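The values are calculated or read from the model by the stated rules, or taken from the named source; none is laboratory data. What you are looking at is a predicted structure, and each value in this text was computed from that prediction instead of being measured. Positions of Cβ are backbone-derived with ideal geometry, glycine not excepted, and every protein chain shown enters the neighbour counts.
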Amino acid sequence: MTKYKSHFIIKINGTQVSEEFNNAVDEVIVDSSLNMPCMASIRLYDAELKWVDDASLDIGKTVVITVEIDEQSTGAGGTIFTGEITSLEPNFS
């Protein structure tokens with residue numbers, strides 16, 4: 001069975017996101033389907049509402065999500081999602 005490391009590498013417009021952004025990541029979901037377009041959801045903890053208005057998350061920017069394979073596993077890591085930002089959905093719960 002393939003084992004992935006516990007973190008993702010996220011790039012927006014070709015630039016790896018900051019450590020501050022990585023620390024705010026609460027959840028990453030990649031949904032790939034044979035018959036539907038792939039989608040990804042990145043949930044951020046954003047108590048100060050910093051990321052909602054951040055220009056790095058403007059609609060239309062390219063997002064690439066990659067993973068690395070654990071040293072003890074066989075197989076290849078790599079890109080698991082390439083797409084663009086289509087919406088930001090703040091959740092105030």
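Scanning the range 44-59 for residues that are out of contact with any Leu (no Cβ under 8 Å at 6 or more places or on another chain) and either at positive phi or not small (Gly, Ala, Ser) (or both) yields LEU44, TYR45, ASP46, GLU48, LEU49, LYS50, ASP53, ASP54, ASP58. Elements of the type strands (runs of 3 or more DSSP E) sitting completely within the range 13-93 and holding at least 3 residues that are surrounded by 14 or more Cβ atoms within 10 Å (Cβ to Cβ), modelled with pLDDT of 90 or more and among the aliphatic types (A, V, I, L, M): these cover 25-31, 39-44, 62-67. Quick check on THR62: is it out of contact with any Leu (no Cβ under 6 Å at 6 or more places or on another chain), closer than 15 Å to SER87 by Cα and of a type in the set (Val, Ile, Thr)? Spelling it out, THR62 is indeed out of contact with any Leu (no Cβ under 6 Å at 6 or more places or on another chain), closer than 15 Å to SER87 by Cα and of a type in the set (Val, Ile, Thr). Taking every residue in the range 23-46 that is farther than 18 Å from THR79 by Cα and pairing it with any residue that is at pLDDT below 90 and among the β-branched types (Val, Ile, Thr), at least 6 positions away or on another chain, the pairs with Cβ-Cβ distances below 7 Å are ASP46/VAL52.
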